[in-house]
1. If I compute solvent accessible area with a 1.4 Å probe over the protein chains, what percent of it on segment 254-410 is carbon and sulfur?
2. Put one equal scatterer on each alpha carbon of the chain, apply the Debye formula with no solvent term, and list log10 I(q)/I(0) at q = 0.08, 0.13 1/Å to two decimals.
3. Which percent of the accessible heavy-atom area of segment 79-236 goes to carbon and sulfur, probe 1.4 angstrom?
4. Per residue, how much accessible area does the chain show when a 1.4 Å probe rolls over the protein heavy atoms, in square angstrom?
5. Given the options ILE36, ILE211, ILE370, which has the most mean-square fluctuation in a GNM of the chain, springs set between C-alpha atoms less than 10 angstrom apart?
6. Cα-based Rg (one decimal) and Dmax (whole number) for segment 265-410, in Å?
7. Using Cα-only point scatterers and the Debye equation, what is log10 of I(q)/I(0) for segment 1-153 at each q in 0.09, 0.17 Å⁻¹, rounded to two decimals?
8. Can you work out ³J(HN,Hα) from phi for every residue in segment 379-395, in order, using Karplus 6.51 cos²θ - 1.76 cosθ + 1.60 and θ = phi - 60°, giving whole Hz and x for Gly and Pro?
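The values are calculated or read from the model by the stated rules, or taken from the named source; none is laboratory data. All of these numbers come straight from a predicted model, not from anything done at the bench. With ideal geometry, Cβ positions are generated from the backbone for all residues, glycine too; neighbour counts draw on all protein chains shown. Just the protein is used for accessible areas: all its heavy atoms, side chains included, with ligands, DNA and RNA removed. Shrake-Rupley method; radii C 1.70, N 1.55, O 1.52, S 1.80 Å.
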Amino acid sequence: MRLKSFNIVHSQVWNIHYEDDIRYSLQMCQWLLQSIGVWPLVYEGANRLEHAVSVIVMIVCFTLLFFIIVPSGHYIFYVEKNIDMKVKLFGPVGFCLSSTIKYCYLSLKAGVFKRCIEHVKRDWQVVQDPNHRMIMLKYVAISRRLITVCAVFLYTGGISYHTVMQFLSKERSKSNYTLKPLTYPGCDWFLDEQSSPTYEIVFLSHCLAAIVMYTVTTATYSLAAIFVTHICAQIEIQITRLQKLVEMNKKQDNARDPLAIIVHDHVEVLRFSENIEAALHVICLTEIIESTFAMCLLEYYCLMEWQNSNAIAISTYFMLLLSFTFNIFIFSYIGEVLTEQCSQIGTVAYEIEWYELSAREARDLILLNIISQYPPKLTAGKIIELSLRTFGSVVKTSVVYLNLLRTVTD
């Protein structure tokens, strides 16, 4: 009967502002995923037209990405003989490849992400206390700020690399170039890329592909940030309830046990965290590998351009280095916050005036304390636990690879 009563309570819509709240919490993620055609796959209620448009957008995006990967990959491995040029091209082409992998994963695992989004929507519908709603809105604001900073770093550095740096770098101005600049070489074996309008089409395709890459990367960060901050909001709500447990227990009408509500909602949070781990662990592993090599290569590019006194290239590469460093820091930080926030349940359960409860109710707190000793974790491929220690390891590993790379190229 108690389980049935919980299902009835959690199936009702208590928050009259839930539509606006859901829109506000998922808005930035929706913008990003819609632009690459994934949103209709992860959001319940999309019609046939939206699904048809989604398929067309995804075909166009994958075409743009493979228009870079195939010709440039062929050029790096079979045409270019200069090791310095190979290294210089390996970074952007490798980033394009990793973005394609993440894009494929978002498309193939859309059902898992849909379950997570539906859980977020359901929590917004059933929140009753205005203070609890304010807690959730506070964490939504945090996730939106994280996504905004990530997008600013990534798009600024990336677009500068594909446009400003190609035309205004010191390396180009010192040489008598007659060829029109392209970010990714390799199309000349099947196109006359220097003639008009072929050059303009190829250059525009590269810029559009870059936007797709940065959108995919920012979208994965937005999903991780939204889901983890939502868990943190739910945990803070449970902590608030625990702190008021004694007072609620004295005033309860015996219809709903306050401790039972806390335990039930805590279990729901743990299940949600398992779904998030299942949805994000492959993306997190891709991010760890991508960021380690990207940071290593960008550090190498900055050193090389420093020797050439190329201010525009240095500023562009440094912006991209900050972007990748900040992005992997976000993943590590939210993994750390998730673990710490969930482990606080046990501490709060002990710090409340549990001695004012009955012996049976006080014993029930032991279960919460035990479960909190095994908090959920965000991992990369179920191998590496994401935490601030992981961030430090990635930075140190990138420096080690940098020294190895300089030894090989020298």
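1. Working: 4670 of 7620 Å².
Heavy-atom surface of segment 254-410 belonging to carbon and sulfur, 1.4 Å probe: 61 percent.
2. Each listed q maps to, in turn, -0.52, -1.10.
3. Numbers: 4300 of 6660 Å².
Answer for segment 79-236: carbon and sulfur cover 65 percent of the accessible area.
4. Working: 20130 Å² over 410 residues.
So the chain comes to 49 Å² accessible per residue, rounded to a whole number.
5. ILE370
6. 21.7, 75
7. Debye curve over Cα of segment 1-153, log10 I(q)/I(0) at q = 0.09, 0.17 Å⁻¹: -0.46, -1.08.
8. Going residue by residue, I get 10, 9, x, 6, 10, 10, 7, 7, 7, 5, 5, 5, 4, x, 5, 5, 4 Hz, with x marking Gly and Pro.
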